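Visitor: Could you have a look at this structure, given as structure tokens, before my questions?
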């Protein structure tokens, strides 16, 4: 059997698919090491997987409030994260990952780990790239919603050429961000990068796996060579063995399906008035509701809620979402995938990074509506929730998509592909 290193960084949404794949690969007899941030050591070891710490630790729970605001700004957050939170530490990332990969048969990497391709090159190690969202491919045929340039998305109807020009310009403007990578290559005796490390250079010549449903993003002519969309590999436990709280399960069962309000595990750290607005909207609609406010919670809400609204920190989405009438969330790909699998309509309030594009894709599928974060008011929430609850087409379409997603078995397809690469075969 093979020794496989799965390397990732970021929020739980970035970690959970790797945990799903790691657990399954271990069950198939492989030695699995997840190389990621120190903050996740306990969670990974709790699943009896190998762990290797890599720097920097950019888990959202480690951010200061100031860093959080900068990293998750809708327009400039991605630039701040790359230039200020990752690039200054690529040397440390490289050293940690180099050590973790000694003796490995395959390295599987998340795109934000810019030093990982250098490690594979240095060790002459086979590697494959993974992306969790179709928008990461920057396809001119299916251009993503780019938060720094939201109006550009309106030109998609003009065909691929205008988008291609925009993406080429974006690559030129961001090439200088990669100087630490260029310096690291020189210091390690590696040849200069031929491709932009933030774009084509982060995709492996051996192959790329899209750990998302083809329903969510269909294959495009300009995707990297040897790319396979596998379906979503699902994992949603806060810790090994933890299931939905009995009190929450009992609340869901004793009345009409509730509206679920959640901001995942990152946006929840800076919710603004999201939960207060949500409570008012649910009360105006006369609906039951569940608020998931994260480990840090929202103490101002405690003790002030009526009995038809449940307040909690976390619940496995795979258990909770199928019991919902509508799911209101931030548009993280993990949350979006779980809502799709549950077959429940969604209202998306994008906060940052890939979330506006994920929201657009859900709307395009006919399973959701969108409210921009700065326009999330009680009246807007009521209007959109009423449309989702009263228009049967949303529910019908969501159930149809849910049935298709549940048939895909993304975890099996993803692990089959990883095993194939570990044995030295291409896709």
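Visitor: With each pseudo-label sitting 7 Å past Cα toward Cβ, what's the residue 416-residue 41 distance in nm, one decimal?
Guide: My value for the distance between the label points is 3.8 nm.
Visitor: Still on this structure: In whole percent, what relative contact order does region 341-427 give with Cα contacts below 8 Å and a gap of six or more residues? Walk me through the numbers before you get to the answer.
Guide: On the way: 82 pairs, mean separation 29.0, N = 87.
In percent, rounded to a whole number, it is 33.
Visitor: Which residues among region 116-137 fall inside the zone where the amide N is under 14 Å from a point 7 Å beyond the Cα of residue 364, along Cα→Cβ?
Guide: Inside the label zone: 133-137.
Visitor: Right, another one. Could you put 161, 113, 74 in order, starting from the residue whose Cβ has the fewest other Cβ atoms within 10 Å? Working shown, then result.
Guide: Details: 161 10, 113 25, 74 18.
So the residues, fewest neighbours to most, are 161, 74, 113.
Visitor: Let me ask you something else. Pick out which of 343, 332, 217 has the largest mean-square fluctuation in a Gaussian network model of the chain, springs linking Cα atoms closer than 10 Å.
Guide: Comparing 343, 332, 217 in a Gaussian network model of the chain, the most mobile one is 217.
Visitor: Right, next: How much length would be gained if the chain were fully extended between residue 426 and residue 396, taking 0.36 nm per residue of separation minus their Cα-Cα distance, in nm to one decimal?
Guide: On the way: separation 30, 0.36 × 30 = 10.80 nm, distance 3.91 nm.
Difference between extended and current length: 6.9 nm.
Visitor: Specify the angular offset, from 0 to 90 degrees and rounded to the nearest 10, of the alpha carbon long axis of helix 160-174 from the longest principal axis of the alpha carbons in the chain.
Guide: Tilt of helix 160-174: around 70 degrees.
Visitor: Diagonalise the Cα gyration tensor of region 187-235 and give the resulting equivalent ellipsoid semi-axes, square root of 5 times each eigenvalue, largest first, whole Å. Can you show the working numbers first?
Guide: Numbers: eigenvalues 147, 33, 14 Å².
Square roots of five times the eigenvalues give 27, 13, 8 Å.
Visitor: Still on this structure: How large is the helix-only mean residue ellipticity at 222 nm for the chain, computed as the sum of -39500 (n - 2.57) over DSSP H runs with n ≥ 4, divided by its residue count, in deg cm²/dmol to the nearest 500?
Guide: -11500 deg cm²/dmol
Visitor: Something else about it: Once you have all Cα-Cα distances for region 203-345, histogram them in 10 Å bins from zero and send the whole-percent values.
Guide: 11, 37, 29, 14, 7, 1
Visitor: If you don't mind, another one. Assuming a viscosity of 1.567 mPa s and a temperature of 4 °C, what translational diffusion coefficient in µm² per second does Stokes-Einstein assign to region 1-128, Rh being the Kirkwood radius over Cα pairs? Walk me through the intermediate numbers first.
Guide: Numbers: Rh = 14.9 Å.
The Stokes-Einstein estimate is 87 µm²/s.
Visitor: How many percent of the alpha carbon pairs in region 358-427 exceed a separation of 20 Å?
Guide: Details: 1260 of 2415 pairs.
Here the long-distance tail beyond 20 Å is 52 percent of all Cα pairs in region 358-427.
Visitor: State log₁₀ I(q)/I(0) for region 287-427 at q = 0.16, 0.17 Å⁻¹ as given by the Debye formula over alpha-carbon point scatterers of equal weight, solvent excluded.
Guide: Summing over Cα pairs of region 287-427 leads to -0.91, -1.00.
Visitor: Helix 392-408 against the longest principal axis of the chain: what's the angle in degrees, Cα atoms only, rounded to the nearest 10?
Guide: 40 degrees
Visitor: Quick one: Debye curve from the C-alpha atoms of the chain, no solvent, what's log10 I(q)/I(0) at q = 0.07, 0.08, 0.09, 0.12 Å⁻¹?
Guide: Log10 I(q)/I(0), no solvent term: -0.33, -0.43, -0.55, -0.99.
Coordinate-derived values only; no laboratory data. All values reported here derive from a predicted model rather than from experimental measurement. Backbone-built Cβ (ideal geometry, glycine too); neighbour counts: all protein chains shown.
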